[in-house]
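Here, each number is a calculation from the coordinates, and none is a lab measurement. For clarity, every value in this text was computed on a predicted model and none was experimentally measured. All Cβ positions, glycine included, derive from the backbone under ideal geometry; neighbour counts span all protein chains shown.
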């Protein structure tokens, strides 16, 4: 099986010969992680947008790739796209980036103009900044700034290109932003929407999937997940999803470069792994025990502790964790007594729910069925925890 780099390097048919697919969406979603915002803005003028092939210049590579996760794979992907007759004539325009730590906002979007005149709006997923991760977690209790910006971006592009058919998509948080933009769009824009792609993107808060806006586009939402998906199963879901085989394990399957491709489609698995189902069930049950106010309190307390290390990215946090342990302990001690007790109790509840769900699952793992009364037991457990 091949990954997206090999797919881009070997798929020689044009979009007229091979119509746009979920694999193409994943490729362009991954492309949005490159640092296009560092390049001269004039390159991405909608009146005269640049092609992927024209961006394949060595003098641009330092700005384009430095600091990108999986830099070697991203460089290889870009080289394959720039050479491929399937991708090289795609034009990129309307690059927009917002990073506002005070609002916990990390947003990036770009528009890909396909040779057939349709548009693919690519929303970047979470980067390595703690700001980006906090915005992700905030989705559990509020509409975050990047969701609102994603809807405005789609509205602007629809107005800028009034005759174009539209697709939106992204990986991780970018997938959530794409679906959010689609469900919030005006009816005239929704009528032009061909598809909304979410590649291992988290779901939504309770009630959002019952909105008229979501119902109007739900039949055009395409979701793909790796076998051990955690990020993509967070929060509430209604959409049908397909499970993709990944050549990595656990949380590392979130990396799109690990997703296997068979010909021009994904290599599909039958279902999520049992371990992923256990983790997802536990996180869902745990979130359900917390009110929006308690979710907000937990997130603010947790990130105040993480930020006490002085780290601004997950990489810096990993490197500084042991060295900055005294600062972390001081930050925990600096929390008021009530917040400290709440933080510890909430983490304790998470551990208790994990053990409860694991014990419920063990008798039914061989048959992959449901233990009679398990849902009732879980509901009772959630109610008891919610009372605390």
Quiz item: With a 10 Å Cβ neighbour count serving as the proxy for reagent exposure, in which order, fewest first, do 199, 267 appear?
Solution: 267, 199
Exercise. Based solely on C-alpha atoms, express the radius of gyration and the Dmax of the chain in angstrom.
Key: 21.6, 65
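In cubic angstrom, how much convex hull volume per residue do the alpha carbon atoms of the range 247-359 span?
Enclosed volume per residue, from the Cα hull, is 154 Å³.
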Self-check item: Radius of gyration and Dmax over the Cα atoms of the range 1-95, both given in Å
Solution: 12.9, 40
Practice problem: Kindly work out what percent of the DSSP beta bridges joining two residues of the chain are antiparallel, to the nearest 5. | Solution: 55
Practice problem: With a point put 7 Å past each Cα toward its Cβ, work out how far residue 102 is from residue 330 in nm, to one decimal. | Solution: 2.6
Exercise. State whether the range 201-242 is rounded, prolate or oblate according to the following rule on the C-alpha gyration tensor (a ≥ b ≥ c being the square roots of its eigenvalues): a/c under 1.5 gives rounded; otherwise a/b larger than b/c gives prolate, and the remaining case gives oblate.
Key: oblate
Practice problem: Mind pulling the angle between the C-alpha long axis of helix 337-361 and the longest principal axis of the chain? Nearest 10 degrees, somewhere in 0 to 90. | Solution: 80
Practice problem: Please compute P(r) over all alpha-carbon pairs of the range 94-210, binned at 5 Å starting from zero, and give each bin as a whole-number percent. | Solution: 2, 13, 24, 25, 18, 11, 5, 1, 0
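What FRET efficiency would be calculated for the residue pair residue 323, residue 211, taking the C-beta separation as r and a Förster radius of 51 Å, to the nearest 0.05?
The formula returns an efficiency of 0.65 here.
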Self-check item: Peptides ranked, highest mean first, by Cβ atoms within 10 Å: ranges 167-176, 285-294
Solution: 167-176, 285-294
Quiz item: Once the mean 1/r over all distinct Cα pairs of the range 170-299 is inverted, what Kirkwood radius in angstroms do you read off?
Solution: 15.5
Quiz item: For the range 258-305, what is the Kirkwood estimate of the hydrodynamic radius, computed as the reciprocal of the mean inverse distance between distinct Cα atoms, to one decimal in Å?
Solution: 13.9
Quiz item: When 24, 45, 127 are ordered from fewest to most other Cβ atoms inside 10 Å of their Cβ, what list results?
Solution: 45, 127, 24
Practice problem: Pairs of Cα atoms under 8 Å, at least six residues apart: use those to get the relative contact order of the chain, whole percent. | Solution: 13
Quiz prompt | For the chain, calculated [θ]222 nm from helices alone, where every DSSP H run of n ≥ 4 adds -39500 (n - 2.57) | solution = -14000 deg cm²/dmol
Exercise. State the Cα centre-to-centre distance between the range 72-135 and the range 322-353 in whole Å.
Key: 36
Quiz prompt | Part-to-part distance (alpha-carbon centres) for the range 192-256 and the range 29-48, which is given in Å | solution = 26
